[in-house]
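Undergrad: I'd like to ask some things about the structure below.
The values are calculated or read from the model by the stated rules, or taken from the named source; none is laboratory data. Computed from a prediction, not measured in an experiment: that's the story for all the values here. Note that we place each Cβ from the backbone using ideal geometry, even for glycine, and neighbour counts take in every protein chain shown. Accessible surface areas use protein heavy atoms only, side chains included; no ligands, DNA or RNA. Shrake-Rupley method; radii C 1.70, N 1.55, O 1.52, S 1.80 Å.
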Amino acid sequence: MRATVADGGRRVSLHLADQNRQALIVALSHRPGLAVADTAVLTELTSLGAVSCGTDTAEDGRRIWAVLDL
């Protein structure tokens, strides 16, 4: 979440989903036109127990996501 807040937008969305005893967490910065995200956050997510994670940018802003075992 810190990485999406650092984008300087006025809002951040957090989306949660679960399936097969795993949780998907997605944070969206709502700041379009940003450069590719710093991937250092992915190392942090992995150290917190994420079994999969990633980041990308799209028309609606930067997305950072992680999958965690429940």
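Undergrad: So for the stretch 18-30 (the condition being part of a loop (DSSP other than H, G, I, E, B), among the hydroxyl-bearing types (Ser, Thr, Tyr), in contact with a strand residue (DSSP E or B) (Cβ under 6 Å, 6 or more places away or on another chain) and modelled with pLDDT of 75 or more), does at least one residue qualify?
TA: Within the stretch 18-30 (the criterion being part of a loop (DSSP other than H, G, I, E, B), among the hydroxyl-bearing types (Ser, Thr, Tyr), in contact with a strand residue (DSSP E or B) (Cβ under 6 Å, 6 or more places away or on another chain) and modelled with pLDDT of 75 or more), the answer is yes, since at least one residue qualifies.
Undergrad: Right, another one. Within the stretch 52-63, restricting attention to residues that are modelled with pLDDT under 90 and assigned to a strand (DSSP E or B), which residue is least open to solvent (accessible area, probe 1.4 Å)?
TA: The qualifying residue least open to solvent (accessible area, probe 1.4 Å) is Gly61.
Undergrad: If you go through the stretch 34-51, how many residues are open to solvent by 80 Å² or more (accessible area, probe 1.4 Å) and at pLDDT below 70?
TA: Of the residues in the stretch 34-51, 2 are open to solvent by 80 Å² or more (accessible area, probe 1.4 Å) and at pLDDT below 70.
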